[in-house]
Amino acid sequence: LCLLGSNISRFALGIWVYQQTGSITQLGWALTCEVLPTVLLAPVAGVVVDRGNRRTIMAVSDSLAALSTLGVYALMASGQAEVWHVYLGTAAASAANAFQSPAYLGAVAMMVPREHLGRATGMTELAHGSSQLLAPALAGALLAWFDVRVCVLLEVITCAVAVGLLLTVRFRS
């Protein structure tokens, strides 16, 4: 759930950067801030997730992503947002997501019986791919009707819901 909200928010923020600057280069920097922290932190994240509590890692990373996005939202709502704020907020959320993704994939194995693991993994990958496919279309539709702040706030809400749901799900020991 948080993944879809994050993808919608990231797309909308990229559009906002382009609208503010008129520069494809600045849009490229926004996209780089979205991808680079995840790529750089992936090796470390895998080790941390393997040694840590997956539920805690997912809750903390979703919360950190929501807080960084909430900071961007607050700056936008007050009219003080600048492009570098979006870069920083996007990079922080991306860094948090670097830990969330492997924790989530590892948690699937803890929640699903072994005989259903293949199907569960397939559904997980379908959800991931679908969110990447649907997010730009949903963000575009939301931007046609609402301000970019709605897309940004949507990420905060979906991450909060995801953390709430995560705290209610039982993991097998």
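The values are calculated or read from the model by the stated rules, or taken from the named source; none is laboratory data. This structure is a prediction, so every number in the text was calculated from the model and none was measured. Please note: Cβ atoms are built from the backbone with ideal geometry, for glycine as well, and neighbour counts cover all protein chains shown. SASA here: full protein model, heavy atoms, side chains in, ligands and nucleic acids out. Shrake-Rupley method; radii C 1.70, N 1.55, O 1.52, S 1.80 Å.
Within region 125-148, residues that are modelled with pLDDT under 90 reach no partner that is loosely packed, with under 12 Cβ neighbours inside 10 Å with beta carbons closer than 8 Å at six or more positions or on different chains. The residues listed here are 112, 108; of these, the one that is open to solvent by less than 20 Å² (accessible area, probe 1.4 Å) and free of Cβ contacts under 8 Å to residues at least 40 places away in the same chain is 108. In region 1-15, the residues that are charged (D, E, K, R) reach residues that are part of a helix (DSSP H, G or I) and surrounded by fewer than 24 Cβ atoms within 10 Å (Cβ to Cβ) with C-beta atoms within less than 7 angstrom, at least six apart or across chains, in these pairs: 10/34.
State which residue is surrounded by the most Cβ atoms within 10 Å (Cβ to Cβ) when the search covers only region 10-23 and only residues that are part of a helix (DSSP H, G or I) and of a type in the set (Gly, Ala, Ser).
Here is the first cut: in region 10-23, the ones part of a helix (DSSP H, G or I) are 10-21.
Subset that is of a type in the set (Gly, Ala, Ser): 12, 14.
On the way: 12: 26, 14: 22.
Checking each candidate, the answer is 12.
Restricting attention to region 24-41, the residues that are surrounded by fewer than 14 Cβ atoms within 10 Å (Cβ to Cβ) and of a type in the set (Ser, Thr, Tyr) add up to 1.
Residue-by-condition table, conditions (1) outside any helix (DSSP H, G or I); (2) under 16 Å from residue 155 (Cβ atoms); (3) within 13 Å of the chain's Cα centre (by Cα):
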site	(1), (2), (3)
25	no, no, no
62	no, yes, yes
72	no, yes, no
80	yes, no, no
95	no, yes, yes
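Any residue at all in region 105-116 that's closer than 22 Å to residue 170 by Cβ, assigned to a helix (DSSP H, G or I) and either charged (D, E, K, R) or at pLDDT 95 or above (or both)? Steps first, answer last, please.
First pass over region 105-116, keeping only residues closer than 22 Å to residue 170 by Cβ: 105-116.
Filter once more, keeping what is assigned to a helix (DSSP H, G or I): 105-111, 114-116.
Narrowing the set further to residues that are either charged (D, E, K, R) or at pLDDT 95 or above (or both) leaves 114-115.
Yes: one or more hits.
Take residue 119 and decide whether it is assigned to a helix (DSSP H, G or I) and either touching a strand residue (DSSP E or B) at 6+ places or on another chain (Cβ under 6 Å) or open to solvent by 60 Å² or more (accessible area, probe 1.4 Å) (or both).
yes
If only one of 69, 21, 38 is among the polar types (S, T, N, Q), closer than 15 Å to residue 85 by Cβ and modelled with pLDDT under 95, which one is it?
Numbers: 21 fails: modelled with pLDDT under 95; 38 fails: closer than 15 Å to residue 85 by Cβ.
Among 69, 21, 38, only 69 is among the polar types (S, T, N, Q), closer than 15 Å to residue 85 by Cβ and modelled with pLDDT under 95.
Within region 131-168, how many residues are among the aromatic types (Phe, Trp, Tyr) and surrounded by 13 or more Cβ atoms within 10 Å (Cβ to Cβ)? Walk me through it before giving the result.
Step one: of region 131-168, the residues among the aromatic types (Phe, Trp, Tyr) are 145-146.
Narrowing the set further to residues that are surrounded by 13 or more Cβ atoms within 10 Å (Cβ to Cβ) leaves 146.
Result for region 131-168: 1.
Listed by first and then second residue, the pairs linking a residue in region 29-57 that is part of a helix (DSSP H, G or I) to a residue that is of a type in the set (Ser, Thr, Tyr) and open to solvent by less than 50 Å² (accessible area, probe 1.4 Å), with Cβ atoms under 6 Å apart and 6 or more places separating them unless they lie on different chains, are 33/87; 33/90; 34/90; 34/94; 37/94; 38/94.
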